[in-house]
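The next block holds one structure in the form of structure tokens; read it before the comments.
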Amino acid sequence: EVVEYARALHIEVIPEIEMPGHSEEVLAVFPELSCSGKPYVNSDFCIGNEQTFEFLENVLSEVIGLFPSKYIHIGGDESPRTRWRECPECQSLIRRAGLKADTRHSAEDKLQGYFNTRIEEFLARHGRRLIGWDEIVDGGMSPDATVMSWRGTAGGIRAADEGFDVIMSPNSSLYFDYYQSANIDTEPPTIGGYIPLKKVYDTEPVPEELTPEQARHIIGVQANVWTTYMRTDTILEHMLLPRLA
């Protein structure tokens with residue numbers, strides 16, 4: 001019903017199924033898919049466990065059946081990668097796959113790249129394209145992936161330089177869950193930050209330091225409004241407008 005309502009308004013709904021991090025709720029129910037094997041200990045999947053891929057491919061198959069979108073978003077952000085250093089299964093996979101640290105990336109960075117690539121290949125076999133937050137560039141990724149630059153603009157600049165299509169979504173100017181007024185006593189509670197209307201209005205989607213060849217990879221922008229602190233539609237609209245316009 002949601003997809004059809006959006007389609008009638010010429011809006012494509014793109015689902016985001018977060019992996020391999022931000023998955024505490026999944027691993028509480030399926031602790032065998034975490035590195036510790038215990039609930040409420042890890043927030044990221046055990047990549048060295050082949051059951052992880054079986055589980056996620058089953059989930060993504062259901063998602064693909066529900067959403068006709070060209071893209072499927074896999075998140076990919078804020079995965080600490082520290083647990084993988086201590087996990088025998090993950091370290092075994094690192095050795096088997098020949099993943100080696102270099103001057104820019106650790107072997108665990110490369111492990112997430114291995115994970116992302118396998119998920120991307122699965123989506124491609126089903127006619128879909130992968131989107132992820134800018135962390136997916138770490139550790140290697142197919143240039144067919146699309147990158148959302150959220151940690152400012154640096155991730156998008158780097159991704160465009162490496163040939164990725166990029167959607168600019170910087171938390172420095174396009175996060176509408178941040179305060180829009182310096183007088184926070186008169187504002188609804190938020191996660192913090194300060195992005196007034198002028199800062200949004202002055203945002204240049206294509207960073208000036210990009211060459212024309214790099215700039216063609218900037219395919220759009222996205223404003224984020226995480227509703228963690230927003231309890232009503234009235235508060236949501238207050239945070240969105242007029243900044244969204």
Checklist outcome for this item: Flagged pairs (Cβ under 9 angstrom, 6 or more apart or on separate chains; first in segment 172-192, in contact (Cβ under 8 Å) with a residue 60 or more places away in the chain; second part of a loop (DSSP other than H, G, I, E, B) and among the charged types (D, E, K, R)) are Phe176/Arg243; Gln180/Glu187; Gln180/Arg243
Next on the checklist: Within segment 38-49, does at least one residue satisfy the condition of being modelled with pLDDT of 95 or more, within 22 Å of Ile136 (Cβ to Cβ) and surrounded by fewer than 17 Cβ atoms within 10 Å (Cβ to Cβ)?
Outcome noted: no
Checklist outcome for this item: Here the residues within segment 2-15 that are in contact with a Pro (Cβ under 9 Å, 6 or more places away or on another chain), open to solvent by 70 Å² or more (accessible area, probe 1.4 Å) and in a helix (DSSP H, G or I) are Arg7
Next on the checklist: Take residues that are touching a Lys or Arg at 6+ places or on another chain (Cβ under 9 Å) and tell me which of the helices (runs of 4 or more DSSP H) falling wholly in segment 16-117 contain 3 or more.
Outcome noted: 50-66, 88-96
Next on the checklist: I'd like to check something: does segment 26-34 contain any residue that is closer than 30 Å to Ile219 by Cβ and at pLDDT 95 or above?
Outcome noted: no
Next on the checklist: If Arg151 satisfies all but one of (1) farther than 30 Å from Phe115 by Cα; (2) under 24 Å from the mean Cα position of the chain (by Cα); (3) among the basic types (Lys, Arg), what's the number of the condition it fails?
Outcome noted: (1)
Checklist entry - What residue, of Ile119, Ile94, is modelled with pLDDT of 95 or more, in contact with a Leu (Cβ under 6 Å, 6 or more places away or on another chain) and aliphatic (A, V, I, L, M)? => result Ile94
Checklist entry - Do any residues in segment 117-136 that are among the acidic types (Asp, Glu) have Cβ atoms under 6 Å from those of residues that are crowded, with 23+ Cβ neighbours inside 10 Å and in a strand (DSSP E or B), where the two are at least six apart or on different chains, and which pairs are they? => result Glu120/Leu130; Asp134/Val147; Asp134/Ser149
Item to check | Qualifying positions in segment 91-117 - crowded, with 18+ Cβ neighbours inside 10 Å, of a type in the set (A, V, I, L, M) and out of contact with any Gly (no Cβ under 6 Å at 6 or more places or on another chain) | outcome: Ile94, Leu99, Ala107, Leu111
Next on the checklist: If I ask for residues that are of a type outside the set (D, E, K, R), loosely packed, with under 12 Cβ neighbours inside 10 Å and either without any contact (Cβ under 8 Å) to a residue 40 or more places away in the chain or closer than 16 Å to Ile167 by Cα (or both), which ones from segment 200-240 would you list?
Outcome noted: Tyr201, Thr211, Pro212, Thr232, Thr234
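The values are calculated or read from the model by the stated rules, or taken from the named source; none is laboratory data. Bear in mind the structure is a predicted one, so any value in this text is a computation, not a measurement. Note that we place each Cβ from the backbone using ideal geometry, even for glycine, and neighbour counts take in every protein chain shown. Remember, those area values only see protein heavy atoms, side chains included, never the ligands or the DNA or RNA. Shrake-Rupley method; radii C 1.70, N 1.55, O 1.52, S 1.80 Å.
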